[in-house]
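Just below is one structure, and these are the notes that go with it.
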Amino acid sequence: MKPAVTYELLHVDKNSGARRGVVHTPHGDIQTPIFMPVGTQATVKSMTPEELKEEVQAQIILANTYHLYLRPGQDIVKEAGGLHKFMNWDKPILTDSGGFQVFSLGSLRTITEEGVEFRSHLDGSRHQFTPESVMKTEEDLGADIIMAFDECCKYPSSYEYTKKSMERTMRWAQRCKDAHVTENQALFGIIQGGFYEDLRKQSVEELIKMDLPGYAIGGISVGEPKEEFLKMLYYTTPLMPEDKPRYLMGVGTPDYLIEASIAGIDMCDCVLPTRLARHGAALTSHGKITIRNSKYERDWSPLDEECNCYTCKNYTKAYIRHLVKENEILGIRLLSIHNLRFLTKLMERVRIEIEHDNLLEFRDEFYKKYGYIK
């Protein structure tokens, strides 16, 4: 039986090793490498699905199992016909397992071999996530790609704890596979192992034995120094199968997206662009700007002279600053459209540069212009 999600390799950059490909899903093809906007509660904050498709040109979005399990509840989403119909989105959807959110609860949760018992951050009510229950929730939500239940270790964590956590996550992954029954969904495994190469290698090897349709790197970009992130990224990615999608979880800054692509990653996601928008910040070709600053009070230029998004074609920095200063919702919406489009457009450029075996040169040019120190 053909998997619900498959990967097609189109080109490898001969100088960097970056991959240009296509992920085929039940709700359409995804051109990779790609940045995926996050719609935690079945919505990318302040954006309509039409704007995501037409203005942002997003190909796939993410939704969060933990939050949707709590509100409105998987039964309501299932009754609506699944997430696609519930939120009026006809392109691919990925749901994470809720593992990161559960483990972020700290003292509100208890980890056992069976799963995780936790108190809701909303009302303190008691709940339990197990690999089996998470599979049921994700199947009810109906995304094209669903993630295995895992534990994301904090940084730093001891070798002993990380080893026990990784081994338990591998057992949970097998339980997820055993419990997963929906044929039109693809279950991706999550590689863990903290910042220990031998544990990462063991995690990859265990997951490959399960022959899942895709694999993700979890547990990096969790507060560690950039050099630690890059070391583990460039160590782990080559261990992953070449014929299946490679997903790096929780990454969304321009430099991390470019580095991930060079490493051979196909998919990345992050809440960064809409979070920055809510704080009055914009991503531009010359670096991040804070639109609240007084120097933009009479600035009649667009957020980014090189951007052709809806916001930049129609509005000035001065007007957007006014909206943000007055806490007008439109200010957040305009910044969100721009920031999301900035990253999807960046990845469009990355794909072109890979096709021309030029991603390394593009990275150096982009870093210089953006203000990064390589």
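The values are calculated or read from the model by the stated rules, or taken from the named source; none is laboratory data. Just so we're clear, the structure is a prediction, and the values are computed from it rather than from any experiment. Glycine gets a Cβ as well: all are built from the backbone with ideal geometry, and neighbour counts include every protein chain shown. Side chains are part of the model used for accessible areas, which takes the heavy atoms of the whole protein and leaves out ligands, DNA and RNA. Shrake-Rupley method; radii C 1.70, N 1.55, O 1.52, S 1.80 Å.
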Fill in the blank from the handout: Counting only protein heavy atoms with a 1.4 Å probe and every protein chain in place, the carbon and sulfur fraction of the accessible surface of the chain in whole percent equals 49 percent
Fill in the blank from the handout: Here the relative contact order (percent) of the chain, from C-alpha pairs under 8 Å and at least 6 apart, is 19 percent
Problem - Accessible area per residue, Å², the chain with all protein chains present, probe 1.4 Å - result: 43 Å²
Practice task
Rounded to the nearest 10 degrees, what's the angle between the helix 226-236 long axis and the longest principal axis of the chain, both from Cα atoms, 0 to 90?
Solution key: 50 degrees
Fill in the blank from the handout: Measuring from its Cα centre, the stretch 1-75 shows a charge dipole (+1 at each Lys and Arg Cβ, -1 at each Asp and Glu Cβ) which, in debye to the nearest 20, is 300 debye
Fill in the blank from the handout: Scalar couplings 3J(HN,Hα) for the stretch 81-90 by Karplus 6.51 cos²θ - 1.76 cosθ + 1.60 (θ = phi - 60°), nearest whole Hz, x for Gly and Pro, are x, x, 4, 4, 6, 4, 10, 6, 10, 9
Handout entry: Spacing of the two label points (7 Å from each Cα toward its C-beta) at ASP90 and SER294, in nm
Key = 5.1 nm
Problem - Probe 1.4 Å, all protein chains present, accessible-area order of PHE229, PHE366, largest first - result: PHE366, PHE229
Completion exercise
Here the gain from full extension of ARG171 to SER133, 0.36 nm per residue of separation minus their alpha-carbon distance, amounts to 12.2 nm
Exercise for the section: Could you run the Karplus curve 6.51 cos²θ - 1.76 cosθ + 1.60 with θ = phi - 60° over the stretch 246-259 and give me ³J(HN,Hα) per residue in whole Hz, x for Gly and Pro? Expected result: 10, 10, 9, 7, x, 10, x, 7, x, 5, 5, 5, 5, 4
Exercise for the section: Could you state the angle between the C-alpha long axis of helix 131-141 and the longest principal axis of the C-alpha atoms of the chain, as a value from 0 to 90 degrees rounded to the nearest 10? Expected result: 50 degrees
Exercise for the section: List, in order, the whole-Hz ³J(HN,Hα) value for each residue of the stretch 114-121 obtained from phi through the Karplus relation with A = 6.51, B = -1.76, C = 1.60 and θ = phi - 60°; use x for Gly and Pro. Expected result: 5, x, 10, 9, 8, 9, 4, 6
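Which shape class applies to the stretch 316-374: rounded if a/c is under 1.5, otherwise prolate when a/b exceeds b/c and oblate if not, where a ≥ b ≥ c are the square roots of the Cα gyration tensor eigenvalues?
prolate
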Practice task
Give me the distance between the Cα centres of the stretch 108-170 and the stretch 44-73, rounded to whole Å.
Solution key: 22 Å
Handout entry: Nearest 10 degrees, 0 to 90: helix 329-355 Cα axis against the chain principal axis
Key = 70 degrees
Practice task
Anything over 30 Å Cα to Cα? Flag those among LYS53/LYS163; LYS177/LYS201; LYS136/LYS226; LYS91/LYS369, in the order listed.
Solution key: LYS53/LYS163; LYS136/LYS226; LYS91/LYS369
Practice task
Whole Å is fine, so just give me how far the alpha carbon centre of the stretch 241-298 lies from that of the stretch 329-374.
Solution key: 8 Å
Fill in the blank from the handout: Between the residues LEU70, SER107, TRP89, the Cα farthest towards the positive end of the dipole of the stretch 4-107, that dipole coming from +1 and -1 charges on the beta-carbon of Lys, Arg, Asp and Glu, is from SER107
Handout entry: Reach of LYS14 by Cα under 24 Å, taken over lysines that are not fewer than 8 positions away in the same chain
Key = LYS231, LYS244, LYS345, LYS368, LYS374
Completion exercise
Within the chain, the cysteines whose Cβ lies no closer than 4.7 Å to any other cysteine Cβ are CYS152, CYS153, CYS176, CYS268, CYS270, CYS309
